[in-house]
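The values are calculated or read from the model by the stated rules, or taken from the named source; none is laboratory data. Computed from a prediction, not measured in an experiment: that's the story for all the values here. Cβ placement follows ideal geometry from the backbone for every residue including glycine, while neighbour counts extend to all protein chains displayed. Accessible surface areas use protein heavy atoms only, side chains included; no ligands, DNA or RNA. Shrake-Rupley method; radii C 1.70, N 1.55, O 1.52, S 1.80 Å.
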Amino acid sequence: MSQGSSPQRMLRDIFVPARGQYDNIGDILLRRQLLDWLRASGPLHVYVGEAPDGYAEGLGLTPVDVQYRSFRRWYAAALASAARGRASYVFKPGEIQLTLIGMKEHLAMLPVLALVRARHGRVARVGVGSRNFAPLPRALMGPSIALSNVSLWRDEATAGYLGQGSIMPDLAFAGSSADSSDANAGGTARRDVLVVSMRSDLEYPSGAWLAGVRAVAADNGLQIWCVTQVLRDDDKCGQLAADLGGEELRWNGTGHDEQEQRLRALYRRAALTVSDRLHVLVGALTEGAVPAALLVDAKSDKIARHFAAAGLHDVSIVSAGLSAAEIAERLQNLLGRRVAILAGLAEAQDELQTVRRLLDQVLTTESVR
């Protein structure tokens with residue numbers, strides 16, 4: 001065929017890392033979504049590292065996916081496939097720490113990326129956000145970004161900092177409620193729960209925080225449930241349950257897929273989810289629960305940034321300096337915005353389907369030379 005003919009579809013091997021924080025179910029939500037998107041674009045070669053069985057099962061890997069626990073074998077396979085002109089590479093989604101350790105994927109994979117591109121393969125990164133914004137790491141990221149066919153960041157601050165690419169909602173927003181009729185204001189399922197989940201590495205909530213949460217639960221007839229979605233938060237979950245007079249859904253770090261299903265079942269009953277963890281709030285929202293980022297202080301705007309990229313604003317409440325009554329009032333105001341928040345979620349999910357189509361087009365379109 002002559003130059004200028006219509007593009008044709010080509011399915012290359014897709015090499016993608018899916019390892020993450022093995023104690024964090026939120027990492028599974030992101031990576032599983034991306035893997036589900038990619039299967040239509042080519043055979044998957046997935047690096048999971050020393051993932052425990054529950055983590056790997058939570059990723060939803062299929063018998064046709066090629067799974068690697070050895071980085072060397074996965075890397076060698078990527079180089080061999082790239083040399084044959086059969087490989088594409090997709091970066092894992094989620095948060096990157098722009099330190100030498102945190103950037104090892106973006107630096108170590110440069111030879112693979114260069115060979116992939118030299119042999120007309122594709123490189124993509126979707127749903128990536130930065131934790132820190134220092135100048136030197138930004139410069140080190142330059143070659144990796146330059147070799148990418150598409151870069152889509154999950155918040156505006158990251159896009160502005162790295163200077164190339166567009167913004168998209170976080171991949172976890174693509175999750176669908178198991179009961180689609182209740183993912184909107186017309187749903188009839190009973191919501192009788194207020195979910196609480198807080199980070200273990202931040203200050204414990206104040207007395208006013210605790211009293212405000214108890215008050216809004218009592219005013220709305222909601223039963224408080226404290227849950228563990230990240231293993232390191234488990235002790236704090238138990239303490240919060242005791243202080244709030246609530247029930248607890250704890251986790252021992254095994255059976256990630258089973259714990260996710262237990263959490264989702266509870267989120268489907270939740271009217272409101274109170275947390276300072278991004279993917280607790282996002283996961284619960286996809287099951288129809290109103291998200292409330294009730295922060296102990298104003299040190300981080302991570303949740304606000306990522307919800308804003310999905311078109312959802314004003315879900316964060318800085319509790320420092322607020323009375324219990326003020327906290328309860330602000331939580332009640334969020335509950336009153338349920339219809340608008342769920343409508344915003346639907347729009348974000350539509351946008352993510354557009355991203356999915358773009359990614360498939362980038363990975364499978366081969367210009368006929």
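Just to verify a result, which residue in segment 157-194, among those that are open to solvent by 40 Å² or more (accessible area, probe 1.4 Å) and closer than 19 Å to Leu358 by Cβ, is modelled with the highest pLDDT?
The selected residue is Ile167.
Is it the case that Arg277 is modelled with pLDDT of 95 or more, closer than 27 Å to Arg191 by Cα and either touching a Lys or Arg at 6+ places or on another chain (Cβ under 8 Å) or not hydrophobic (A, V, I, L, M, F, W, C) (or both)?
Here the answer is yes, as Arg277 does meet what is asked.
List pairs: first in segment 349-365 and touching a residue at least 40 places away in the same chain (Cβ under 8 Å) and outside any helix (DSSP H, G or I), second open to solvent by 30 Å² or more (accessible area, probe 1.4 Å) and not hydrophobic (A, V, I, L, M, F, W, C), Cβ under 6 Å, 6+ apart or cross-chain?
Matching pairs, first to second residue: Thr365/Pro7.
Working only within segment 303-336, note down all residues that are buried (at least 16 other Cβ atoms within 10 Å of the Cβ), touching a residue at least 40 places away in the same chain (Cβ under 8 Å) and within 24 Å of Met168 (Cβ to Cβ).
Hits for segment 303-336 are Arg305, His306, Ala308, Ala309, Ala310.
Take segment 184-233 and flag every residue that is assigned to a loop (DSSP other than H, G, I, E, B), among the aliphatic types (A, V, I, L, M) and touching a helix residue (DSSP H, G or I) at 6+ places or on another chain (Cβ under 8 Å).
Of everything in segment 184-233, those that are assigned to a loop (DSSP other than H, G, I, E, B), among the aliphatic types (A, V, I, L, M) and touching a helix residue (DSSP H, G or I) at 6+ places or on another chain (Cβ under 8 Å) turn out to be Ala185, Ala189, Met198, Leu222.
If we keep just the residues of segment 257-282 that are of a type in the set (S, T, N, Q) and in a helix (DSSP H, G or I), which is surrounded by the most Cβ atoms within 10 Å (Cβ to Cβ)?
Gln259
What residue, of Ala77, Ala114, Ala40, is among the aliphatic types (A, V, I, L, M), closer than 27 Å to Ala174 by Cα, touching a residue at least 12 places away in the same chain (Cβ under 8 Å) and not in a strand (DSSP E or B)?
Every option except Ala40 fails the conditions.
Which condition from (1) more than 23 Å from Gly127 (Cβ to Cβ); (2) out of contact with any helix residue (DSSP H, G or I) (no Cβ under 7 Å at 6 or more places or on another chain); (3) part of a helix (DSSP H, G or I) is the one that Glu50 breaks?
Evaluating Glu50 over (1) more than 23 Å from Gly127 (Cβ to Cβ); (2) out of contact with any helix residue (DSSP H, G or I) (no Cβ under 7 Å at 6 or more places or on another chain); (3) part of a helix (DSSP H, G or I) leaves (3) as the failure.
Would you mind stating whether Leu30 is open to solvent by less than 40 Å² (accessible area, probe 1.4 Å) and in a loop (DSSP other than H, G, I, E, B)?
When the stated conditions are applied, Leu30 does not pass them.
Suppose the filter is more than 27 Å from Arg190 (Cβ to Cβ) and among the small types (Gly, Ala, Ser); does Gly321 pass it?
Spelling it out, Gly321 is indeed more than 27 Å from Arg190 (Cβ to Cβ) and among the small types (Gly, Ala, Ser).
In segment 283-325, how many residues are under 22 Å from Val355 (Cα atoms), part of a loop (DSSP other than H, G, I, E, B) and not hydrophobic (A, V, I, L, M, F, W, C)?
4
Please determine, by comparing only the residues of segment 43-65 that are of a type in the set (A, V, I, L, M) and either out of contact with any strand residue (DSSP E or B) (no Cβ under 9 Å at 6 or more places or on another chain) or open to solvent by less than 60 Å² (accessible area, probe 1.4 Å) (or both), which one is farthest from Met168 (Cα to Cα).
Among those residues, the one meeting the criterion is Ala51.
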